[in-house]
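Working notes, structure below.
Where a number appears in this text, it was derived from the coordinates with a stated rule and is not lab data. Just so we're clear, the structure is a prediction, and the values are computed from it rather than from any experiment. Using ideal geometry, Cβ is built from the backbone for each residue, glycine included, and neighbour counts are taken over all protein chains shown.
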Ligand SMILES: [Zn+2]
């Protein structure tokens, strides 16, 4: 869902480089005989990708007299394998992503190349650079090897599909202890049905809601202490301003960053800004301690010392005199 500049390495350059490593005369000759198919295939691929219609390219069992299996081996042994003739091209493609960020999830690090059209079903593009997208292994695995059957089936292509300028990622705060966030796609109203469906499918198939939610959980922990200091010094509005500042800073860099969506949702939550960031709230009055979660309030007249010890251990302790954030 994030873009990478299209590689400037031609299909023939990659193909010829890999074929140069083939020592079996018969296979080498058969591969050289399909150079014209590789070159024509690149044009077909590029035209289809620019029209968001890669799904229209029919699967094939072979390219001329070269089987899909032989093309897969050409990729595996002469482009991926360390020391292979085409490995330098593989490495160039791998470093194209800004900050090494996987363009599919926008979070994990690039660690492999994904065949936009799977090489087993589309052997003509097995070593074609515009069909090879750097990404993380998790996204590569989740995407699988199925060919898209319809326009809506197509995941986003980092070289051709650009949805980075529009805001489509949103989040909501789940009030609880600890606080959490849920993420979802909110397509702009002016988007067509096809692109909105594709973005939602991409988000679902690559399990991005789960990835972002787990990362947000850790981030909520990281900022709890800092927000606590802001709250104690200046109150709820100052917490909200801090979160809004964090949101703007993240979104300036990447419009649909999960961090930005998380901070925006947190700033919009009165519950979170008013002490919910601590995970729970408590109040000490008239010899009774009451601990409030969004679901219920628990009161205790005895064992106050023990409860305070637990709060202290969890880093949630606040001196009674400063208990302004309690929300019974
Ligand atoms: Zn990824």
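Relative protection proxy for 189-197, 16-24, from highest mean packing down: 16-24, 189-197 (other beta-carbon atoms within 10 angstrom). When the Cα gyration tensor is reduced to axis lengths a ≥ b ≥ c, the ratio a/c is 1.5 or higher for the stretch 11-148, and with a/b not above b/c it is classed as oblate.
Across the stretch 11-148, Cα pairs under 8 Å and at least six residues apart give a relative contact order of 28 percent.
Within the listed set 134, 103, 178, the Gaussian network model of the chain (springs between alpha-carbon atoms below 10 Å) gives the highest mean-square fluctuation for 178. Note on 34, 254: ascending count of other Cβ atoms within 10 Å places them as 254, 34, the fewest first.
The ranking of 262, 71, 94 from fewest to most other beta carbons within 10 Å of each one's beta carbon is 94, 71, 262.
If the segment from residue 48 to residue 36 were pulled out straight at 0.36 nm per residue, it would be longer than the present Cα-Cα gap by 2.5 nm. Rounded, prolate or oblate: which fits the stretch 169-276, taking a ≥ b ≥ c as square roots of the Cα gyration tensor eigenvalues, rounded meaning a/c under 1.5, else prolate when a/b beats b/c? Prolate shape, in that a/c is at least 1.5 and a/b is the bigger ratio. Once both axes come from the Cα atoms, what is the angle between helix 258-268 and the longest principal axis of the chain, in degrees from 0 to 90, rounded to 10? Its long axis makes an angle of about 30 degrees. Decide, for the chain, between rounded, prolate and oblate: order the square roots of the alpha carbon gyration tensor eigenvalues as a ≥ b ≥ c, take rounded if a/c falls under 1.5, and otherwise choose prolate if a/b is larger than b/c, else oblate. Prolate, because a/c is 1.5 or more and a/b exceeds b/c. Rounded to the nearest 500, the 222 nm mean residue ellipticity of the chain from helices alone is -13000 deg cm²/dmol, with -39,500 (n - 2.57) taken per DSSP H run of at least 4 residues. Look at 258, 271 and count the other Cβ atoms within 10 Å of each Cβ; fewest to most, that gives 271, 258. Taking the Cα atoms only, what angle lies between the long axis of helix 193-205 and the longest principal axis of the chain, rounded to 10 degrees? For helix 193-205, the angle is close to 80 degrees.
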